[in-house]
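Novice: I have a structure here, written as structure tokens, and I will follow up with some questions on it.
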Amino acid sequence: MILAAASAEGSHQAFGYPSLFLLVLVGALVPVVPTGALVSSAAVVAFHDKSPLGLLAVFVVSSAAAFAGDVALYWLGRRGLHSKNGSRWLEAIRRRAPEEQLYQAQEKLGSHGVTVLVLSRLVPAGRLPVMLACLLSRMPTREFARADAAACLAWTLAYQLIGVLGGSLFPEPWQGVVAAVALTLLISAAPSLWRRVRAPRQ
């Protein structure tokens, strides 16, 4: 949130497109960076700058970075599958894909095909279980990349719309950034909160 607020105050000088690309790319490879919040924050800044080209640039840069990160991670995961000793990247994907979610992803991938992959980026915590299901089904990287391109475009559009909404509700950019970041973090935390509520009942 501090980084996002700083981006709003300093506009594109503090939160330039190269920084946005790098952060979203790293977030796709190492899913600890709140990439959705970054995209929404950048959209708030572009909205307050009243720059349609700025919004378009945020969309292009963010979707390209997400796509590059996803394909790179998938390629690294495939290398781990073919290696006798595995790889730390494949192990990292496995750790972040609970058995229940992986089982559901495998079922849906089997019945609905790559449509599940397209939708997986729109579901909080849905990307890695579906990616692992694709890896275990030996889906070729080229086929994964084709479906993932559409997934990244839809994901970027969704979070950019959150940013535009936050920017339109508040007069100051930093206020819109805080609102957008809070909303995206709430969306990201929703699945884990739901599992905690449901666990005692089960």
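Novice: Between Glu99 and Val60, what is the spin-label point distance in nm, taking each point 7 Å from the Cα along the Cα→C-beta axis?
Specialist: It is 4.7 nm.
Novice: Still on this structure, I have one more. Which trypsin sites (Lys or Arg not before Pro) from region 81-157 combine a DSSP loop assignment with at most 16 other Cβ atoms within 10 Å?
Specialist: Passing sites in region 81-157 are Lys84, Arg96, Arg138.
Throughout, read-outs are computed from the coordinates displayed, never taken from laboratory work. Computed from a predicted model, the values in this text were never measured in an experiment. Heads up, the Cβs are rebuilt from the backbone with ideal geometry, glycines too, and the neighbour counts pull from every protein chain shown.
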